[in-house]
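See below for the structure under consideration.
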Amino acid sequence: MESKVLSTGIRLSNLPQSYIRPNSERPRLSEVIDCENVPVINLGSEEKSLISRQIGDACRSYGFFQVINHGVPLELTEKMQEIAQDFFNLPLDEKLKYYSDDPSKTMRLSTSFNVKKETVHNWRDYLRLHCYPLEDYVQEWPTQPSSFKEVVSTYCRQVRQLGFRLLQEISESLGLEREYLKVVLGEQGQHMAINYYPPCPEPELTYGLPGHTDPNTLTILLQDQQVTGLQVFIDGKWLAVHPHPNAFVINIGDQLQALSNGRYKSVWHRAVVNSDKERISVASFLCPGIWTKNIASSFSRNEKQSKCQLNDFYAQ
Ligand code: OGA
Ligand code: NI
């Protein structure tokens with residue numbers, strides 16, 4: 001298997017050694033619990049105060065929730081999924097034009113997590129984009145598929161608005177003014193990871209993404225509508241989050257955990273793979289933008305550590 005990425009169109013019958021986790025770190029898929037009730041919150045509800053109450057409850061009990069009637073048109077989320085699929089279906093040569101294992105690149109196709117640093121690889125390819133301000137980054141995005149830039153930039157704008165709406169609801173649920181979090185967070189950066197998990201010959205032995213928390217502010221995940229793969233760690237157990245029609249999955253990142261003084265948790269989650277179906281997810285991250293660029297040198301030791309985690313995050 002000498003390609004730089006997994007999405008070559010060739011199916012392997014055995015998992016290469018470099019993807020095999022030691023026994024104690026394997027996903028133990030038979031022990032995962034099906035979770036039918038990760039909260040689904042209707043953002044279009046007439047009962048405005050109900051929304052922030054439900055979000056508060058979800059943040060306290062799960063740290064994860066789903067939103068429907070979220071304002072991003074169905075047509076657009078469908079187009080986003082299609083374009084993600086079309087991108088990974090491009091001929092290998094075309095895709096490899098975008099390949100880099102240098103985490104400082106603001107646009108790159110890569111594989112696993114951080115190929116240069118890690119010891120065991122993950123069964124994932126991903127296209128990582130910076131998305132804000134759009135006009136600074138769109139020109140470096142893929143030119144194939146031909147509608148990529150248009151669809152993805154429209155999607156990014158809409159998801160950003162949804163992110164701000166969620167920050168309002170989360171602020172209110174913490175007893176703060178609705179604009180509070182948006183104001184204290186300052187001008188938010190925005191990144192996207194388009195994740196592609198090919199069918200995997202031995203899903204019991206590896207991960208798409210191993211357990212992690214997201215170090216950013218807020219994550220808005222467009223899940224594959226057909227194939228389950230996201231799992232969250234709640235009360236000591238891994239729960240599978242099945243796709244809910246037309247919903248986004250939302251999770252609190254480390255930044256909001258810190259800002260809420262730990263009242264809301266940045267929950268551990270992971271992506272597992274399966275033997276017969278590919279899976280695609282589109283993760284949008286709101287993250288402290290200007291903040292990370294400018295203030296690094298004045299940090300105390302602890303803060304430097306969290307800055308390092310953030311750098312790892314940007315390296316994903
Ligand atoms: C991520 C992530 C989950 C998924 O990209 O940070 O957790 O289902 N993705 O792909
Ligand atoms: Ni994540």
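Both radii come from the Cα set of the range 203-287: Rg as radius of gyration, Rh as Kirkwood radius; their ratio Rg/Rh reads 0.98.
Normalised Debye scattering of the chain at q = 0.07, 0.10, 0.13, 0.15 Å⁻¹ gives log10 I(q)/I(0) of -0.26, -0.55, -0.96, -1.32, counting only Cα atoms as equal scatterers and leaving out solvent. FRET efficiency for the Ala258 to Ser13 pair, using the beta carbon distance and R₀ = 51 Å, is estimated at 0.65. Heavy-atom accessible surface of Arg26, to the nearest 10 Å², is about 70 Å², with a 1.4 Å probe and all protein chains retained. Solvent-accessible area of Ile20, all protein chains in place: 40 Å² (probe radius 1.4 Å, heavy atoms, ligands and nucleic acids excluded). Ordered by 1.4 Å accessible area with all protein chains kept, Met107, Met80 run largest first as Met107, Met80. Hydrodynamic analysis of the range 1-89 uses the Kirkwood radius over alpha carbon pairs. Inserted into Stokes-Einstein at 37 °C and 0.692 mPa s, it gives a translational diffusion coefficient of 185 µm²/s. Using just its DSSP H runs of length 4 or more, each adding -39500 (n - 2.57), the chain gives a mean residue ellipticity at 222 nm of -9000 deg cm²/dmol after division by all residues. Largest GNM mean-square fluctuation among Ser275, Ser30, Ser147, using the chain with Cα springs under 10 Å: Ser30. If you sort Phe233, Phe285 by accessible surface, 1.4 Å probe, largest first, the order is Phe233, Phe285. Is there a pair in Lys4/Lys265; Lys97/Lys265; Lys95/Lys117 whose C-alpha atoms are over 30 Å apart, and which pairs would that be? Those over the limit are Lys4/Lys265; Lys97/Lys265. Between Gln66, Gln223, Gln17, find the one with the highest GNM mean-square fluctuation for the chain; connect C-alpha pairs within less than 10 Å. Looking only at Gln66, Gln223, Gln17, the biggest GNM fluctuation is shown by Gln17. Kirkwood radius for the range 74-225, taken over all pairs of different Cα atoms as the inverse mean of 1/r, rounds to 17.1 Å. The relative contact order of the chain comes to 24 percent, based on Cα pairs under 8 Å that sit 6 or more residues apart.
Note on the chain: GNM, Cα springs under 10 Å; of Thr213, Thr143, Thr77, the largest mean-square fluctuation is that of Thr143. Local charge for Leu76 was computed over the other residues whose Cβ lies under 12 Å away, with Lys and Arg +1 and Asp and Glu -1, and equals -2. Toward the positive end of the charge dipole of the chain, with +1 on the Cβ of Lys and Arg and -1 on the Cβ of Asp and Glu, the farthest Cα among Ile234, Ser13, Ile280 is that of Ile234.
What the Cα atoms of the range 67-148 give is an Rg and a Dmax of 14.5, 42 Å.
The values are calculated or read from the model by the stated rules, or taken from the named source; none is laboratory data. Note that this is a predicted model, so its numbers are computed, not measured. Cβ atoms come from the backbone with ideal geometry, glycine included; neighbour counts cover every protein chain shown. Accessible surface areas use protein heavy atoms only, side chains included; no ligands, DNA or RNA. Shrake-Rupley method; radii C 1.70, N 1.55, O 1.52, S 1.80 Å.
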